[in-house]
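Only the coordinates and a few stated rules stand behind these numbers; no lab work does. Keep in mind it's a predicted model, so treat the numbers as computed, not measured. Cβ placement follows ideal geometry from the backbone for every residue including glycine, while neighbour counts extend to all protein chains displayed.
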Amino acid sequence: MSRIELRGISKRFGDTPVLNDIDLSIAPGEFCVFVGPSGCGKSTLLRLLAGLEDPSAGEIEIDGVRVNQLPPAQRNVAMVFQSYALYPHMSVFQNMAFGLQHRKLPAGEIERRIADAVRILQLDGLLQRRPKELSGGQRQRVAIARAIVRQPKVFLFDEPLSNLDAALRVQTRLEIASLHRALGSASMVYVTHDQVEAMTLADRIVLLQPLAGRSDGLSVAQAGAPLALYHHPANRFVAAFIGSPAMNFVDATVASLGDGRVLVDAHGMRCAAQLSPQGLAVGEPVTLGIRPEHVRLGEGAQRARVSHVERLGEVSHIYLELPGVGTPLLAKSARDDIAIDERLAFDLPAQALHLFRADGVAQARGTARQSGSGC
Amino acid sequence: MKAGAGSRAFAPGAAPGQPRFPWGRIGYWAASLLFIFVSVFPLLYALSSSLKQGSGLFSPALWPEAPTFANYSGVFADQPFAQNLLNSLLVAGSVVSLSLGLSLMAAWAFGRVEFRGRGLLLILILSASMLPQVAVLSGMFELVRAFGMYDTLGALIIADLLLTLPFTVWVLVTFMRQLPKELEEAAAMDGVGVLTLVFRVFMPLLWPAMVATGLLAFIAAWNEFLFALTFTLSTEARTVPVAIALISTPSGFELPWGKIMAASVIVTLPLVALVVVFQRRIVSGLSAGAVKG
Amino acid sequence: MADDSLRPPFQNALLRGGLAAQRVRRAWWMAAPMLLVLAAVGAWPLLRTIWFSLTDSELSNLGDYAFIGLENYVGEYGLLASAEWWQAVGNTLLFTGLSVTLETLLGLAVALLLNQASRLRTLLRAALLVPWAIPTVVSAKMWSWMLHDQFGIVNHHLLALGLIAAPLAWTADPQLSLFSIVLVDVWKATPYMALLILAALQMVPEDCYEAARVDGVPRWQVFRRITLPLILPGLLVAMVFRTLDALRVFDLIYVMTSNSRDTQSMSVFVREQLIDFGLVGYGSAAATCLFFMIALLSIIAMGLMRRTFERAAA
């Protein structure tokens, strides 16, 4: 059982800030996913934990011990690399045994651990093969097995699925999830750029944003449970990153404030949003947000022309042309009978609306789920 | 891109669709055959002369009239040539293993770690290969004597490192740089020390480069003459190049050419065989050292 | 396994500083043995040689010497006043100029032959490596035998063809001996040159040739306007390597003509003074001169090459 504490972690490469002021605590047994667009420093953060990079500032503790200066092997962590990094000249067995032999474990213990890993990851019959004689999925499993036999307190995964094809990716994702359940007590830290992996695997998501050269920015955009990030994004960056297709954003101004309600004016559209009016002033420019899956079609007072339709089978993507708004409003609908150029009624429900202030910070949303027309 | 990259620059044969007399192709074959002949003929003639004896030696015919191995047995009978061969083998073998071991360690440092002064040190190492041997001769002589190594093989092994280390380091640094970073990181996660990393993870992956550089170092040490001539005195301590250079008749009148050619063939044939077998690796090793340098 | 994190404190003391700093320290330890060996067999003897050149020390008693300043260089019997030294300098320069020029031209030709996709290619490459692999001493002996004035095969065939009237003393005639040495060096060193040029040739991207072919540029023009400029940096590197090598020539000359004044190179001169005459001070002075000559040339060459490379890159 081990808790990871990061306090005030920053990392810069030369003059380029990569990570800034990260405070994070990963609970024992937690599955924590670092996710974010490329350049957000998620892999670097993982490498700081692993001991492959030095932080420029801050403290890293594992189980209450400061590990900043400990080499990787003494941190009780194991890592699965994106490229698998199997030793090409060693057999599968040797790949797993190599590290254990260097910790002077008795041969019987090594064999027992490898046998366990082979059973868990179904590597029977592959032990004497070389990595180049394995398929991509098999290599991936060997890389995970090599981490398991070390019996670490923390598993680190660096984009482990990105070199697999789509079908195998789904299957391996399930295997990693069940591995986490089986190994209960070990924490897992997992880096990915894929929000589906993040949403499906994580107990907790840490969403990182690129600093874009600014050393005063914050690296962590939001940390929390997957659904918390989905329903209550802390800011516009999180709202845009989580969810697919991405959230719609419309410029608006605050028209009036009520109790648990904010009335905004968006290009002539009057919308009532069910969220905290705290800190807002009438006339303030804001951004209205709504997820495509929350736009209701065929009801409500608003009308718009359908400019484009994408039919995916299970759902259709309907693009609605709003007067005075450059990008069309995207709606996800189960209906497949909507045609281009049709004029369609739609509604943006009050409880589904998000509101972001000019600096990107979101207004707190209630948890109540009453229905009600927004616009 | 490699094969036939230049064939159009200097293409043998006529332009397509234009049946002309193939001057280019004929020129190519003539030049190639001439080149092969000139390269190989001296060795063949040495082989031929080594099988001739007495007045037969003075006949320029390539095929000896009465082939004999008398020169070969003579070489071993007149002087401790077997000992000389063993010396050369010991010296070259030790030089190769020492150079490869030392350079492999250094190549990790220079190829994979960024540290201050790295570039300058690499330039200094490269310039050591420009050093004329005679420029270190008196200093080395003093050193060899001070350590009581005069007239021993140890002196030659140490001195020859000056000739091999610069390029073995240089070539192995080039190859070491190309190994994936993750492999080193995986080893770090496994908790292996840097020596284990270099010799048990990287060395097996670098074996083609090791073979190439090792062969080059072997040839350099096997062929070395000036140090071997200067730091040995007794015939028993000589390496083969010195032994061959100093073969003479007791009368000192005319050199025993038959025996000299026999000794030359003995020394050269294994080397040529080695080089022909490993020609691809040697060529890549030579060009890696030069292109990047 | 859990105790791994509870290492004894003295072990943690080794891990001072950040991980990057630990890594740099480890790098120095890894490089140290090689650097020490090179310092011991390169830098130290070189410094001793330079020091000896300022003394009157002799081989019979190396420890007993007096500091005599630049006497070995500019004194009455100093190096700069020695006709023999200047002859050795002249011989070396002549040898270097001739052999490097010939080796460059022939090496280029051979490299072009080798760059053809052809059935002969493997054979050519094998033939190329034969002279290169043969020990210099052995090639000197083989050629000495072929160039023998009475029984040599070269004289035999030249006489038979009527090209010469009387046998030539290839290695004994002062007019000829240096050229014979150049001939053997060209035979032995052209392969090395060809290999380096070949490496440069193979880096020329094929689309350059295809573009020229589409434009219908004649073959000779393709070579002059495309191939040559592109391989020039590589060619220059090869020439510099060979030049620096030729300036220190020893084995070939020592074996073919011994200490003869007519062919003596600077290296042969140095060894004769140092070992045969035992004049360590004087010989070291000559060695030091050779060293500084080569060092100066290397620095100039590096500067020139850097400019060529920059122009090639631009």
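Descriptive notes on the structure:
- Counting neighbouring beta carbons within 10 Å and listing from fewest to most, the residues C:Tyr254, B:Tyr72, C:Tyr282 come out as B:Tyr72, C:Tyr254, C:Tyr282.
- Taking the DSSP bridge list for the protein assembly as shown and keeping only pairs wholly inside it, about 75 percent are antiparallel.
- Of all DSSP beta bridges in segment A:140-273, antiparallel share, percent nearest 5: 70 percent
- Bridgeable lysines around A:Lys11 (alpha carbons under 29 Å apart, same-chain partners fewer than 8 residues away excluded): A:Lys42, A:Lys153, B:Lys181.
- The mean number of Cβ atoms from other chains found within 10 Å of a Cβ in peptide C:286-293 is 3, as a whole number.
- Neighbourhood net charge (13 Å Cβ-Cβ; Lys/Arg +1, Asp/Glu -1) for A:Leu201: -2
- Nitroxide proxy distance, nm - points 7 Å out along Cα→Cβ at C:Glu210 and C:Tyr65: 6.4 nm
- Hits among lysines - C-alpha to C-alpha of C:Lys141 under 23 Å, sequence gap 8 or more where chains match: B:Lys52, B:Lys259, C:Lys188
- Of all complete DSSP H helices in chain C, those with a Cα span along the helix axis of 24 Å or greater and a mean Kyte-Doolittle hydropathy of -1.0 or more are C:19-38, C:83-114, C:177-201, C:228-247, C:280-313.
- Dipole axis of chain C (+1 Lys, Arg; -1 Asp, Glu on Cβ), positive-most option in C:Leu279, C:Met34, C:Tyr77: C:Met34
- Segment C:198-239 versus segment B:175-246: alpha-carbon centroid distance in Å: 35 Å
- Per-residue shielding of B:29-42, expressed as the average number of other chain Cβ atoms within 10 Å of the residue Cβ, stands at 6.
- One decimal place: the segment A:Val361-A:Ser215 gains 50.6 nm when fully extended, by the rule 0.36 nm per residue minus the C-alpha distance.
- Taking the longest Cα principal axis of chain A as reference, the axis of helix A:107-121 is set at about 30 degrees.
- Paramagnetic reach from A:Ala281 in segment A:326-368 [backbone N under 18 Å; point 7 Å along Cα→Cβ]: A:356-361, A:363
- Computed from Cα atoms, the angle from the helix A:166-182 axis to the main principal axis of chain A rounds to 70 degrees.
- Inter-label distance for A:Arg303 and A:Asn68, nm, one decimal - labels placed 7 Å from Cα along Cα-to-Cβ: 6.7 nm
- Among the cysteines of the protein assembly as shown, those with no neighbouring cysteine Cβ under 4.7 Å are A:Cys32, A:Cys40, C:Cys208, C:Cys289.
- Shown here are the Rg and Dmax of the Cα trace of segment B:79-292, at 19.6, 71 Å.
- DSSP H segments from chain B that extend 30 Å or more along their own axis, Cα-based, with Kyte-Doolittle mean of -0.5 or above: B:23-50, B:81-112, B:153-177
- Per-selection Rg to Rh, chain C - Cα, Kirkwood hydrodynamic radius: 1.10
- Across peptide A:89-102, the average count of Cβ atoms from other chains found within 10 Å of a residue's Cβ is 3.
- For a label point 7 Å along the Cα-to-beta-carbon line of A:Gln101, residues of segment A:119-140 with backbone N under 20 Å: A:125-133
- Rough spin-label spacing in nm, given labels placed 7 Å along Cα→Cβ, for A:Ala345 and B:Ser97: 9.2 nm
- Rg followed by Dmax, in Å, when the protein assembly as shown is reduced to its Cα trace: 38.3, 124
- Beta bridges by DSSP in chain A, antiparallel share as percent, to the nearest 5: 75 percent
- With R₀ set to 30 Å, the beta-carbon distance separating C:Ala160 from B:Phe21 gives a calculated FRET efficiency near 0.35.
- Fraction in percent of alpha-carbon pairs per bin - 20 Å, chain A: 25, 46, 25, 4
- Sequence-distant aspartates and glutamates (8 or more away, or on other chains) whose Cα lies within less than 14 Å of A:Lys104: B:Asp190, C:Asp3, C:Asp4
- Residues B:Leu179 and C:Gln175, FRET efficiency given R0 of 45 Å [Cβ-Cβ distance, rounded to 0.05]: 0.20
- Put a plus charge on the Cβ of each Lys and Arg, a minus charge on the Cβ of each Asp and Glu, and nothing anywhere else: the dipole of the protein assembly as shown about its Cα centre is then about 1740 debye.
- Think of each Lys and Arg Cβ as +1 and each Asp and Glu Cβ as -1; about the Cα centre, that makes the dipole of segment B:79-292 roughly 380 debye.
- Farthest toward positive dipole pole in segment A:246-356 [+1 Lys/Arg, -1 Asp/Glu at C-beta], among A:Cys271, A:Val295, A:Leu322: A:Cys271
- Dipole magnitude for segment A:234-375: computed about the Cα centre from +1 point charges on Lys and Arg Cβ and -1 point charges on Asp and Glu Cβ, it is near 260 debye.
- The calculated FRET efficiency for C:Glu76 paired with C:Met203, based on their beta-carbon distance and R0 = 45 Å, is about 0.25.
- Residue among B:Ala146, B:Ala209, B:Ala228 farthest towards the positive dipole end of segment B:79-292, charges placed on Cβ: B:Ala209
- The angle between the Cα long axis of helix A:136-148 and the longest principal axis of the Cα atoms of chain A comes to about 70 degrees, rounded to the nearest 10.
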